[in-house]
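See below for the structure under consideration.
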Ligand SMILES: Nc1ncnc2c1ncn2[C@@H]1O[C@H](COP(=O)(O)OP(=O)(O)OP(=O)(O)O)[C@@H](O)[C@H]1O
Ligand code: SF4
Ligand SMILES: [Mg+2]
């Protein structure tokens, strides 16, 4: 989109997370921030969904509202078939361990006063031990994420950024989650370390059977780790497709502009790299929200919001004038 619709949602018994028409608004003095404006997506078991878009498009808000922190303004979030937007108190608490998040800045997301072993084990004290992990097996988990258990009594500042992200991953895994939402997990790391953390996430996904939502502003990072990719612009969905398909046939003008911006990318797009800032999320453009920056915008784009529609098998785009050839 920058449009709307649910045509891309799948009807399958394997669907673990199904977010439908999610809206998240923040009232502020002088208006309302339209952070997420009718986003829909799903995640099947064992899948990695990449979510990509430039800064401020609503990726983190989408992630947080999916785990109900904050609860969306409207829309539904089904997890294992239950709408968790309707849950509160103990019933919501029971779901929380299964939906974990890791964040961009690994060092500041870890409690500086706790040892690494305490940080990783803390969730077990809060939520209780589970079938996979106990306080006695934390060393095994440390080993599996590549942290030497002999360093378990050290504090976060004694580790590098990459090692802290390994610790964050262990802290999430210890709760035996079904889904880990990774919000820009490598953006703060050196390029040489980024690949190691991406490989670790893939290993952990295969070994422990978690599904991943992987958020990044960088399409090239999302490409290799994702099975499916959703491109967002100003709180809306532009395009959803299998990762290879999206890269082989980018169809939305915004996706194509993002691709044109990848240094050295071997992609066949004639779009210019995007210029200019995002319009204000307090007063978003009417019609297609991308119309103020799109080279192909027409009058229709300024008045009518495009709906997601399937342009090839499993490939959905919300654009009045998609590039389909
Ligand atoms: N608590 C809040 N109160 C008011 N506005 C907010 C709040 N949280 C986010 N926003 C606004 O919502 C919009 C989406 O923000 P969000 O952080 O979700 O974007 P993002 O895609 O994650 O960006 P980035 O790539 O910079 O992390 C932005 O306009 C942001 O300023
Ligand atoms: S052609 Fe129109 S609908 Fe498509 S991306 Fe551009 S402004 Fe949006
Ligand atoms: Mg963010």
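Okay, here's what the table says:
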item: Residue in region 268-280 that is closer than 23 Å to residue 24 by Cβ and either crowded, with 17+ Cβ neighbours inside 10 Å or touching a residue at least 12 places away in the same chain (Cβ under 8 Å) (or both) present; result: yes
item: Answer residue from region 229-257, given it is within 16 Å of ligand 3 (Cβ to nearest atom) and under 15 Å from residue 55 (Cβ atoms) and is surrounded by the fewest Cβ atoms within 10 Å (Cβ to Cβ) among those; result: 232
item: Residues being away from ligand 3 (no atom under 16 Å from the Cβ), out of contact with any helix residue (DSSP H, G or I) (no Cβ under 8 Å at 6 or more places or on another chain) and on the phi < 0 side of the Ramachandran plot - total across region 2-33; result: 21
item: Residue selected from region 99-124 under the condition closer than 20 Å to residue 148 by Cβ and crowded, with 18+ Cβ neighbours inside 10 Å, by the criterion nearest to ligand 1 (Cβ to nearest atom); result: 106
item: Candidates 192, 168, 226, 216 - the one that is away from ligand 2 (no atom under 16 Å from the Cβ) and surrounded by fewer than 22 Cβ atoms within 10 Å (Cβ to Cβ); result: 192
item: Selection count, region 183-229, where residues are more than 12 Å from ligand 1 (Cβ to nearest atom) and either in a strand (DSSP E or B) or on the phi > 0 side of the Ramachandran plot (or both); result: 7
item: Some residue of region 297-304 being in contact (Cβ under 8 Å) with a residue 24 or more places away in the chain, away from ligand 3 (no atom under 16 Å from the Cβ) and either in a loop (DSSP other than H, G, I, E, B) or surrounded by 16 or more Cβ atoms within 10 Å (Cβ to Cβ) (or both); result: no
item: Answer from 286, 280 - the residue that is within 16 Å of ligand 1 (Cβ to nearest atom), in a loop (DSSP other than H, G, I, E, B) and over 21 Å from the mean Cα position of the chain (by Cα); result: 280
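Residue by residue, here is whether (1) modelled with pLDDT under 95; (2) assigned to a loop (DSSP other than H, G, I, E, B) holds:
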residue	(1), (2)
9	yes, yes
13	yes, yes
18	no, no
22	no, no
26	no, no
60	no, no
64	no, no
93	yes, no
100	no, no
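One line per residue, one yes/no per condition, for (1) in a helix (DSSP H, G or I); (2) touching a strand residue (DSSP E or B) at 6+ places or on another chain (Cβ under 6 Å); (3) within 18 Å of residue 42 (Cβ to Cβ); (4) within 16 Å of ligand 2 (Cβ to nearest atom):
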residue: 72; (1), (2), (3), (4): no, yes, yes, no
residue: 77; (1), (2), (3), (4): no, yes, yes, no
residue: 85; (1), (2), (3), (4): yes, yes, yes, no
residue: 90; (1), (2), (3), (4): yes, no, no, no
residue: 97; (1), (2), (3), (4): yes, no, no, no
residue: 108; (1), (2), (3), (4): no, no, no, no
residue: 111; (1), (2), (3), (4): no, no, no, no
residue: 117; (1), (2), (3), (4): yes, no, no, no
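The values are calculated or read from the model by the stated rules, or taken from the named source; none is laboratory data. Computed from a predicted model, the values in this text were never measured in an experiment. Glycine also receives a Cβ, built like all others from the backbone with ideal geometry; neighbour counts cover every protein chain displayed.
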